[in-house]
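The values are calculated or read from the model by the stated rules, or taken from the named source; none is laboratory data. Model, not experiment: these values are computed from the prediction. All Cβ positions, even for glycine, are placed from backbone atoms using ideal geometry, and neighbour counts span all protein chains on display.
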Amino acid sequence: MNATTADAAPSDPGRIVLLTTSHRVAPGLLSWPAWQALRTADRVLCADGTHPQLPYLREAGIRVDEAAPTAEELVGACAGGRTAVVVATGEGEPALTDGLARLAGSGRVHMPELELLPASYDLPGARLLDLVQVMDRIRLECPWSSQRTHEGLAKYAIEEAYELVEAIEDGDRDELREELGDVLLQVVFHARIAEEDPEAPFSVDDVAGTIVDKLIHRHPHVFGDETADTPEDVREHWLRTKAAEKQRTSVTEGVPLGQPGLALAAKLASRVRQAGLDVPLPTGEGIGYDLLALAVRAESEGTDPEAALRAAARAYRDAIRGVEG
């Protein structure tokens, strides 16, 4: 096949459709315009004989030629008003598209109509599938990652959470995006390790399913028939449904003792206040009891004592740097 020059070109140079698909969408799930283009094309080509879409196209009665024509050959094949659909490989056919661009820019070739047609495309969250696949390969092939355990990774989850808080307090958007990714990695890593548990395995899909069910159940004003007009109404819904789920015998249940001291004191005070309990603070000597009283007072006034102390400590750090010059 040879490209047709402008002098000898027929009146209709035809049409070239570059059909792209997403590897994150199941093969065969194509848009209606894509199926129309495939069914009405004079020729359908694909350079990759193992392309995952090919079995489904052939099952639908569409003939696909395994071929990788040059730009000149493809333009010639469309002469006379014919349509050629190219099912793009994962790389997106850069050699072909570059060749077509050169021909179009030369001005010597009567070019067919060129169309880029996404046959399937990513929905929001699609890159999470990439993360799961990458993590799976790392777990299998990386000498370090393949040996990690929940216990061994626990400290990294804490470190990444602190780094995320720092990025938030610094107001650094680029750093925030990166640290959110690092926290997300901890979730995916632990979920991948959990798949290998011989007695009670679960996957990242189970983790996601659990939180989806929880969010739906605790938002009856969004997914159910209840109403909530204010943030206070939402909080009441949340606490009521959470209490019904947990069936706790003490307000202290579910409060992690491993969190920082001020945060722990504030959380306990919050639980006491919400339950309407009258619990006198323990008395004793030392700075610990003074800090406990300050944390409880801060919580009652709507202040996060941990965040307040961090802000003050950061100011102290800046003052130190100022003295250091």
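See the values below:
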{"read-out": "Leading residue by the ranking (modelled with the lowest pLDDT) among those in the range 23-42 that are under 14 Å from Ala88 (Cα atoms) and touching a helix residue (DSSP H, G or I) at 6+ places or on another chain (Cβ under 7 Å)", "value": "Pro27"}
{"read-out": "Unique match (being free of Cβ contacts under 8 Å to residues at least 60 places away in the same chain and surrounded by 14 or more Cβ atoms within 10 Å (Cβ to Cβ)) among Arg271, Arg317", "value": "Arg271"}
{"read-out": "Qualifying residue in the range 275-282 (condition: in a helix (DSSP H, G or I) and under 26 Å from Tyr162 (Cβ atoms))", "value": "no"}
{"read-out": "Qualifying residue in the range 176-198 (condition: more than 30 Å from Gly76 (Cβ to Cβ), part of a helix (DSSP H, G or I) and over 17 Å from the mean Cα position of the chain (by Cα))", "value": "yes"}
{"read-out": "Helices (runs of 4 or more DSSP H) (entirely within the range 25-109) containing at least 1 residues that are without any contact (Cβ under 8 Å) to a residue 40 or more places away in the chain", "value": "32-40, 54-59, 94-106"}
{"read-out": "Residue in the range 212-222 that is under 30 Å from Leu291 (Cβ atoms), surrounded by 13 or more Cβ atoms within 10 Å (Cβ to Cβ) and either hydroxyl-bearing (Ser, Thr, Tyr) or free of Cβ contacts under 8 Å to residues at least 60 places away in the same chain (or both) present", "value": "no"}
{"read-out": "The range 122-143: number of residues that are outside any helix (DSSP H, G or I) and either in the same structural domain as Leu30 (by TED's automatic domain parsing) or acidic (Asp, Glu) (or both)", "value": "1"}
{"read-out": "Qualifying residue in the range 257-264 (condition: among the hydrophobic types (A, V, I, L, M, F, W, C), within 30 Å of Asp290 (Cβ to Cβ) and outside any helix (DSSP H, G or I))", "value": "yes"}
{"read-out": "Residue match in the range 159-174 (condition: out of contact with any Leu (no Cβ under 9 Å at 6 or more places or on another chain), hydrophobic (A, V, I, L, M, F, W, C) and part of a helix (DSSP H, G or I))", "value": "yes"}
{"read-out": "Matching residues, the range 124-141, being on the phi < 0 side of the Ramachandran plot and either among the polar types (S, T, N, Q) or exposed (fewer than 12 other Cβ atoms within 10 Å of the Cβ) (or both)", "value": "Pro124, Arg127, Gln133, Arg137, Leu140, Glu141"}
{"read-out": "Enumeration of residues in the range 164-182 that are under 18 Å from Ile211 (Cα atoms) and surrounded by 17 or more Cβ atoms within 10 Å (Cβ to Cβ)", "value": "none"}
{"read-out": "All positions within the range 223-248 that are surrounded by 13 or more Cβ atoms within 10 Å (Cβ to Cβ), assigned to a helix (DSSP H, G or I) and at pLDDT 85 or above", "value": "Asp233, Val234"}
{"read-out": "Test: Lys214 is of a type outside the set (A, V, I, L, M), at pLDDT 90 or above, over 26 Å from the mean Cα position of the chain (by Cα) and closer than 28 Å to Glu299 by Cβ", "value": "no"}
